[in-house]
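Have a look at the structure below before the remarks.
The values are calculated or read from the model by the stated rules, or taken from the named source; none is laboratory data. The structure presented is a predicted model; accordingly, all values stated were derived computationally and were not measured. Every residue, glycine as well, gets a Cβ built from its backbone with ideal geometry; the counts of neighbours run over all protein chains shown. Note: accessible area is taken over every heavy atom of the protein model, side chains too, but ligands, DNA and RNA are not part of it. Shrake-Rupley method; radii C 1.70, N 1.55, O 1.52, S 1.80 Å.
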Amino acid sequence: MALAVELRQVVKHYRRGKEMVEVLSGLDLAVPEGEFLAIMGPSGSGKTTVLNLIGGLDRANSGSVTVCGERIDSLNGAGLARWRSRHVGFIFQFYNLMPGLSAERNVELPLLLTHLSRAERKAHVDIALEVVGLSDRRRHKPSELSGGQQQRIAIARALVADPTLLICDEPTGDLDRQTADEILVLLQTLNRRQGKTIVMVTHDQKAADYASRQVHVDKGMLIAPEDRP
Amino acid sequence: MKYIPLVWSGLWRKRTRTILTFASIVVAFLLFGLLQGVNAAFGVGVQSSRLDRLYVQSRVSFTDPLPMGHLAQIQTVKGIDGISYANWFGGYYQDQKNFVFSYPVEAETYFALYPEIRIPPEQLQALLKTRTGALVGSELARKFGWKIGDKVPLKSQIWTHPDGTSDWVFDIVGIFDWPGDANQSRAFYFNHTYFDEGRAFGKGTVGWYIVHLADVTKGPEVGKAIDALFANSPNETKTQNEKESTQAFLRQFGDINFIVSSIIGAVFFTLLFLTGNTMMQSIRERLPEFAILKTLGFTDGAVLALVLAESLLLCLTAALIGLGLAALMFPYLKAFVGVLSLPLQVVSLGGGLAVLLALVIGGIPALKAKKLVIVDSLRGQ
Ligand SMILES: Nc1ncnc2c1ncn2[C@@H]1O[C@H](COP(=O)(O)OP(=O)(O)OP(=O)(O)O)[C@@H](O)[C@H]1O
Ligand SMILES: [Mg+2]
């Protein structure tokens, strides 16, 4: 099966003053297409760092990063931005919606970077809103929506340009159990029905259980569940 | 076009702040339009001056009189084919605020030197025949409802009769037109002889001489020759062409250009800091939003362009409204500047200034947004 994500010998370190902090030291990770992967691990272990590398938001210091068939570590800044807009949808813990824009305008944002006409954009937005079940809240501003609704709008925005890969950093971290379950069911459905590859970071074992596979990161290395103490 | 809602939402995030900023830009450009418009209107007067007429005035001050005896001597200078003289009168009609640009002139010769003044020959004849006659500009006549045959009293701020009164009575014998110059169409001309006989002091003097050049290019030489005639005499002269003389006249009211530039400069300097600071603050508050846009695939260049577009939208619309208001108010200034509409060059200058303002106040925030690193912003740094 083709791989949606392949990280090889990825090293990432940050410089904090004179000190070098090595967050990832030769990480290998392969995510087959169509997988729903949960990445777990203690705080500060480097989970967000891994997601940012996969999503092309950050660059590794060494190693190769291949996502959706492309060596994204060799793209320049603008190339990486264009690549993101076509291939990846992002979902964050705190939704990261544009507070000044209505729900539908938020969902439309990724489409502004395409050549779609106004009518085509509207059609895509309508579908995405319908998928997340919020067609009736399209004119609401984020501040007029609940946390769960905001996250659904964020998911609609992540979906609207039809990317192959969804990247979720603790998507339910700010939600109560029931709302979290609804969001996870939605992600699971997207994975199963639409074949979206999903890489999700979570602290929550219940959330991880929705995934088709779980991996653990600790001290910059992957640990398979069976290796865990 | 599709980005406009995005740009707009950025501006509209803090409504009160944006409205206040907008209002201050509108006011600044309103002021710019009015002041620069007035300035340009005066400039038009200077531009339309002719170079074939020279003005001979007292070297000391243009309000100082010259002896009438200068006339014969000036006429001896080569290159002159016409000469006349005039004086200040400082007249007003009924009330001090109804100032009238009134001049006693040597009527036989004066109007020949001013082909711009359109006057029916029989009316000019009437002036020559009527000691108390006066020719009034069409605008002035309209303003006070004067007609030919009216008896009109003017009071002079300068000239009294021997009995101490300053009422002068004139018979309107003609109405002239000065096409294209509303200011000049408000003038009031009458016979110098009537003036000279009636005044209590200053008899035998004139305010200035007007000399017509046979060859327009010989202005400087003729001017020097005239001034040389009276060098080291008690009544030295200063001869200038009309343009220099108009400028010198305007300078009496202060260097309008300088004043206007200073005011506009001060206003825009303040505006730059005010709006620049606001813009900076507004973008800084929204850096996380720009990080979101970048995450979604907006390039650094696109984010830079968005911020500049915001700044341009704000400055250009506010400037256009300000200039538009100035254009609407301009006709009411007609009495003062004599030009009906806001000169186009002022509008385009204002537009250019607005773009410049937008680039200056948007530039630094735009670069800041461009340089923003997504992961740092997501991390909340
Ligand atoms: N820009 C940075 N500068 C310095 N150190 C950084 C930077 N980004 C991340 N780190 C460090 O890298 C380590 C991993 O961070 P990361 O955010 O990937 O952890 P995480 O597993 O997502 O943690 P959490 O569960 O708390 O979100 C942390 O020790 C963090 O302090
Ligand atoms: Mg994290």
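Summing -39500 (n - 2.57) over the DSSP H runs of n ≥ 4 in the protein assembly as shown and dividing by its residue number, what mean residue ellipticity at 222 nm do you reach, to the nearest 500 deg cm²/dmol? Walk me through the numbers on the way to the answer.
Details: 22 runs with 279 residues, N = 610.
It comes out at -14500 deg cm²/dmol, rounded to the nearest 500.
Scaled against the 2.2 N^0.38 Å expected of a compact globular protein of N residues, the Cα radius of gyration of the stretch B:149-217 reads 1.39. Annotation: amide H of A:Gly26 within the under-5 Å range of A:Val10, A:Val11, A:Lys12, sequence separation 5 or more or interchain, hydrogens built in the peptide plane. The mean accessible area for residues of the protein assembly as shown, using a 1.4 Å probe and ignoring ligands and nucleic acids, is 47 Å² per residue. Just the protein heavy atoms count here, and of the accessible area of the stretch B:49-251 at 1.4 Å, carbon and sulfur take up 54 percent.
In straight Cα distance, which lysines are under 16 Å from A:Lys141, not counting same-chain residues fewer than 8 positions off? The qualifying lysines are B:Lys14. Inter-chain Cβ neighbour count for B:8-15, averaged per residue, equals 2 (cutoff 10 Å, partner chain atoms only).
Within 10 Å of each candidate Cβ there may be at most 13 other Cβ atoms; applying that plus a DSSP loop requirement, which chymotrypsin sites (Phe, Trp or Tyr not before Pro) in the stretch B:196-227 survive?
In loop regions of the stretch B:196-227 (DSSP not H, G, I, E or B), the sparsely surrounded chymotrypsin sites (Phe, Trp or Tyr not before Pro) are B:Phe201.
Dividing the mean sequence gap of close Cα pairs (under 8 Å, 6+ apart) by how many residues chain B holds gives a relative contact order of 27 percent.
Using alpha carbon centroids, what distance separates the stretch A:114-178 and the stretch B:158-205, in Å? If you average the Cα positions of each part, the centres end up 83 Å apart. Remark: spin-label model distance B:Ser341-B:Met329 equals 2.0 nm, labels positioned 7 Å along the Cα→Cβ axis.
Of the complete DSSP H runs in chain B, those spanning 15 angstrom or more by Cα along the long axis with a mean Kyte-Doolittle score not below 1.6 are B:300-329. Accessible area buried by the pairing of A and B, both sides summed with a 1.4 Å probe, works out to roughly 2000 Å².
Compared with its chain on its own, the stretch B:292-333 contains the following residues whose accessible area drops by 40 Å² or more in the full protein assembly (probe 1.4 Å; ligands, DNA and RNA excluded): B:Ile292, B:Thr295, B:Leu296, B:Gly297, B:Phe298, B:Thr299. Within the same chain, lysines fewer than 8 places from B:Lys143 are excluded, and of the rest, those with a Cα less than 17 Å from its Cα are B:Lys97, B:Lys151, B:Lys334. Listed by chain and number, the aspartates and glutamates whose C-alpha is less than 18 Å from the C-alpha of B:Lys147, apart from same-chain residues fewer than 8 away, are B:Glu122, B:Glu139, B:Asp171, B:Asp177.
For chain B, the equivalent ellipsoid built from the Cα gyration tensor has semi-axes of 60, 22, 17 Å, listed from largest to smallest.
Starting from one equal scatterer on each C-alpha and no solvent at all, send me the Debye-based log10 I(q)/I(0) for the stretch A:1-157 at q = 0.15, 0.19 Å⁻¹, two decimals. The calculated log intensity ratios at q = 0.15, 0.19 Å⁻¹ are -0.93, -1.20. Put simply, the stretch B:59-107 fits an ellipsoid with semi-axes of 29, 13, 8 Å; these come from the alpha carbon gyration tensor as the roots of five times its eigenvalues, largest first.
Per residue, the convex hull spanned by the Cα atoms of the protein assembly as shown amounts to 234 cubic angstrom. Overall shape of the stretch B:49-251 was characterised from the C-alpha gyration tensor. The equivalent ellipsoid obtained from it has semi-axes of 28, 20, 15 Å, in decreasing order.
The stretch B:147-189: which trypsin sites (Lys or Arg not before Pro) are DSSP loop and have at most 14 other beta-carbon atoms within 10 angstrom?
B:Lys147
Under the combined filter of DSSP loop state and at most 10 neighbouring Cβ atoms within 10 Å, the stretch B:8-104 retains these trypsin sites (Lys or Arg not before Pro): B:Lys78, B:Lys97.
Taking a Cβ cut-off of under 13 Å around B:Val373, the surrounding Lys, Arg, Asp and Glu residues balance to a net charge of +3, with basic ones at +1 and acidic ones at -1.
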